[in-house]
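Shown next, in structure tokens, is the structure this report addresses.
The values are calculated or read from the model by the stated rules, or taken from the named source; none is laboratory data. Not measured: the values here are computed from a predicted model. A quick note on method: Cβ atoms are made from the backbone with ideal geometry, for glycine too, and the neighbour counts reach across all protein chains shown. Heavy atoms of the whole protein, side chains included, go into the accessibility calculation; ligands, DNA and RNA do not. Shrake-Rupley method; radii C 1.70, N 1.55, O 1.52, S 1.80 Å.
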Amino acid sequence: MILRKILLCCGILLLSYQAQAKLDVALCKALAGDDPDARIAAVNSIAALGSAEAAATLRALNQEELYFKGDTVYLAVGEQATDLSSGVTANLPDGADVIPLNNRLRGALQSALSGIQLFSSNKAERLTAAIALQKQATPEQLPLLNAAYIKEKDPQVGAELQLLIAAANLQSDDAALRLAAVKTLINSTNAGLRPQLQKMLTKNADGSDSEPEAAIRIAAVASLQAIDRHIAWTELIGNLFYGVSLGSVLLLAALGLAVSFGLMGIINMAHGELLMIGAYTTYVCQMVFRHYFPGALDAYLLAALPAAFLVSGGIGMLLERSVIRWLYGRPLETLLCTWGISLMLMQAVRSIFGAQNVEVANPSWMSGGVTVMGSLVLSYNRIIIIFFALAVVAAVWLILNKTRLGLFVRAVTQNRRMADCVGVATGKIDMLTFGLGSGIAGLGGVALSQLGNVGPDLGQNYIVDSFMVVVLGGVGQLAGTVLAAFGLGEVNKFLEPLAGAVMAKIVILVFIIIFIQRRPQGLFALKGRSVE
């Protein structure tokens, strides 16, 4: 039964091909012939047809499913074969041989198969193919490229096809075509074209110029300079964006610590693990939606935000009431105790979820990105996290400055005894303040889960950076924390390409040490319980 179905499918496929596909006899003869140049030209001519049948023929040739006998070429499916020139399907004739492939023809086939994407109905696929082919365009592809350009209606894709045709003409024997191509490429933003332009400026072994025409060499220099300027601007904008993105991550990681350490003076070494718990809460929400609400899977992140805040905040309040409140005024004991708690939390997560990282996928509305300046992709998840971090900062500012809880927090921070004397429940305020800082850490964990792997060690990567941000910004200063986070993010991203990731961290750490020596209060004046 299965064999019958397979044969039926093969028959339908062949009948379909028979109804639609007929290749020019001259192309079939060229494919079946011995002339390698003619075979490559035939491949490019078939690709230039831009049809589904042309793509099927090229794929069959690539998979060695094309046979020839004499000047006739057959596409074989099972025991049946279709004559590509007549479209007649019959048994594969005896003595038919597979069309042989060599490395040169394989390369031409791969380029042709890539080029066939230029005829896709999807604009994004056509645009991607046009940009990708610019790095390896050859004059042999010109029939395909010209056919795609004539058919193209979209101006953006058309502009890229113009550059693609110009890139192919760089290797033309006609000096006028080469000069026109080089002048056209001055508008290109594709760094992949640099090697072809640089090759024109090199010398041959005998000392002669690789490009004999001086005018073309001068035009090549101008095009190279234009591309280099674009690359420099792209790198600058890219570093600025990723610096802001890193700063937003540091801000979310450090904001909770700015509350617990900055306002309460608690050295909480378990802060990173509260981030990690927020990330795992996101993972649990994702799994719940995946199993019980698969139709609303993209909404899991919206549910994860309050869940992570409540879970991390609840664990924070539990720690404050059970352990930390007995250690106020004893920073060394607090440090050692919270470090031990961080180890316990990591082991608890390993026991529940395992030691391996878990997958937290971006919702569809956070996937992808926007392309700017031709080649720089700004991912949606990073853009959303930047705005999310700013929203969390605004919410924390409102809580601390416009709510009754914030008033009590500031009162206890500035003068605990006086606040106690006027009836403020300082113990309860301590618990709520620590819970607020822990909940904000949970929100940071939600953001981190959208950028990388989620594992038990997630928080360890951010605890030192978080303390650096809080200390540099000024303990207890929200504005200082924001400025320090974005400043460190930008400095880190601009140093990494020059000195490497590790050396960049060392340089930043040394800078902070020197800065704190000169200005112990940080960027902003020191305020908080530690003043007492």
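Using only the C-alpha atoms, the convex hull of segment 159-294 corresponds to 234 Å³ per residue. Dipole size of segment 253-365 about its Cα centre, with +1 on Lys/Arg Cβ and -1 on Asp/Glu Cβ: approximately 200 debye, rounded to the nearest 20. Per atom type, segment 360-511 shows carbon and sulfur on 68% of its accessible surface, probed at 1.4 Å. In segment 113-257, the portion of solvent-accessible area held by carbon and sulfur atoms comes to 58 percent [1.4 Å probe, whole percent, DNA, RNA and ligands not counted]. Among 432, 63, 238, pick out the residue whose Cα is farthest towards the positive end of the charge dipole of the chain, where Lys and Arg carry +1 and Asp and Glu carry -1 on C-beta, about the Cα centre. Positive-end residue among those listed: 432. Taking Cβ atoms as reference points and 15 Å as the exclusive limit, the residues near residue 208 contribute a net charge of -1, counting Lys and Arg as +1 and Asp and Glu as -1. Dipole check for the chain: with +1 at the C-beta of Lys and Arg, -1 at the C-beta of Asp and Glu, and the Cα centre as origin, the magnitude is about 2480 Debye.
Mind checking the angle between helix 36-49 and the chain's longest principal axis? C-alpha axes, 0 to 90 degrees, to the nearest 10. The answer is roughly 60 degrees. Charge dipole of segment 300-448 (Cα centre as origin; +1 on each Lys and Arg Cβ, -1 on each Asp and Glu Cβ, all else neutral): 420 debye, rounded to the nearest 20. Three principal axis extents of segment 270-381 based on alpha-carbon atoms, in descending order, are 55, 40, 26 Å. If you take the alpha carbon atoms of the chain and fit the smallest convex hull around them, that volume is 222 Å³ per residue.
If you take the square roots of the eigenvalues of the alpha-carbon gyration tensor of segment 397-532 and sort them as a ≥ b ≥ c, do you get rounded (a/c under 1.5), prolate (a/b over b/c) or oblate? Taking the square roots of the gyration eigenvalues as a ≥ b ≥ c, segment 397-532 is oblate. With the convex hull of the Cα atoms taken as the outline of segment 118-191, the averaged projected area works out to 4.6 nm². Annotation for segment 150-237: trypsin sites (Lys or Arg not before Pro) lying in DSSP loop with at most 14 further Cβ atoms inside 10 Å of their Cβ are 153.
Averaging the Cα positions of each part gives two centres, and for segment 83-128 and segment 141-167 these lie 20 Å apart. Normalised per residue, the accessible area of segment 157-313 is 41 Å², obtained with a 1.4 Å probe and no contribution from ligands, DNA or RNA. Only helices enter the 222 nm calculation for the chain: every DSSP H run of n ≥ 4 contributes -39,500 (n - 2.57), and dividing by all residues gives -21500 deg cm²/dmol, rounded to 500. Between residue 453 and residue 71, the simple label model (points 7 Å from Cα in the Cβ direction) yields a spacing of 6.1 nm. Think of segment 387-532 as having a plus end and a minus end, set by charges on the Cβ of Lys, Arg, Asp and Glu; of 480, 406, 463, 406 sits farthest toward the positive end of this dipole. Placing a label point 7 Å from the Cα of residue 335 along the Cα-to-Cβ direction, the residues of segment 263-294 whose backbone N falls under 12 Å from that point are 267-269.
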